[in-house]
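Comments concern the structure below.
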Amino acid sequence: MLPRLRRYGLVLCKSSAAADDLVQSACLKALASAEKWTLGTRFDAWAFRIMRNHWIDQIRKNAWEVPLDPETSEGAMVEDGERGIMARFELEDVRQAIEKLSHEQQEVLLLICGDEMSYREASEILDVPIGTVMSRLARARQQLLKLTGTD
């Protein structure tokens, strides 16, 4: 689950170092409050919620804003011939388009499309109604289509 938490941390923090710190802090908080997790519920949703709440607390406390680390997504890019080069360009276009989305849209997109969570799970993590999650996701998808020129 750590890679999933780290991806979400990157969306929140925009920096690999800050994301790593956030994941570590969230894991420590989860371990310290393990008795609060309810058996039969999704552990990953619980951990994501802890991490998001910790991130919000840090922003409120420190008012920190960390610039994006451009090397963050390079490990996911393909490196084989012409197809790999084209895929790299397309991936970079999508990454740049995602960066232009609002923070709320980025969060919903990652949770539902990246981590395959249900609308209900994303709603619980983000502490917003399911309708808000659906609306943010629809707007994010529309915006991505416009930004990547595929609409």
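Could you sort Y119, Y8 by accessible area so the largest value comes first, with the probe set to 1.4 Å? Mind showing how you got there, number by number?
Values: Y119 85, Y8 0 Å².
Putting Y119, Y8 in descending order of accessible area: Y119, Y8.
In what order, largest first, do I125, I130 sit by accessible area if the probe radius is 1.4 Å? Please list the in-between numbers first.
Working: I125 0, I130 50 Å².
Most to least solvent-accessible, the answer reads I130, I125.
In nanometres, what is the gap between the two model label sites at F43 and K146, each 7 Å from Cα along Cα-to-Cβ?
Here the answer is 4.2 nm between the modelled labels.
Could you tally the net charge around E121, taking each other residue with its Cβ under 10 Å from the Cβ of E121, Lys/Arg +1 and Asp/Glu -1? Please list the in-between numbers first.
Details: positive: R42, R49, R120; negative: D44, D115, E116, E124.
Charge balance near E121 sits at -1.
Where does each of V94, V11 land when they are ordered by accessible area, with a 1.4 Å probe and the largest first? List each step's numbers first, then the result.
Working: V94 60, V11 25 Å².
Ranked list, largest accessible area first: V94, V11.
Among the GluC sites (Glu not before Pro) in the stretch 103-151, which ones are in a DSSP loop with at most 13 other Cβ atoms within 10 Å of the Cβ? Mind listing them?
Taking the stretch 103-151 and a limit of 13 other Cβ atoms within 10 Å, the loop GluC sites (Glu not before Pro) found are E116.
Considering only protein heavy atoms, what is the solvent-accessible area of R141 at a probe of 1.4 Å, reported in Å² to the nearest 10?
110 Å²
The values are calculated or read from the model by the stated rules, or taken from the named source; none is laboratory data. Small disclaimer: the values here were computed from a predicted structure and weren't measured. Cβ: placed from backbone, ideal geometry, glycine included. Neighbour counts: every protein chain shown. Surface areas here come from the heavy atoms of the whole protein model, side chains and all, with no ligands, DNA or RNA. Shrake-Rupley method; radii C 1.70, N 1.55, O 1.52, S 1.80 Å.
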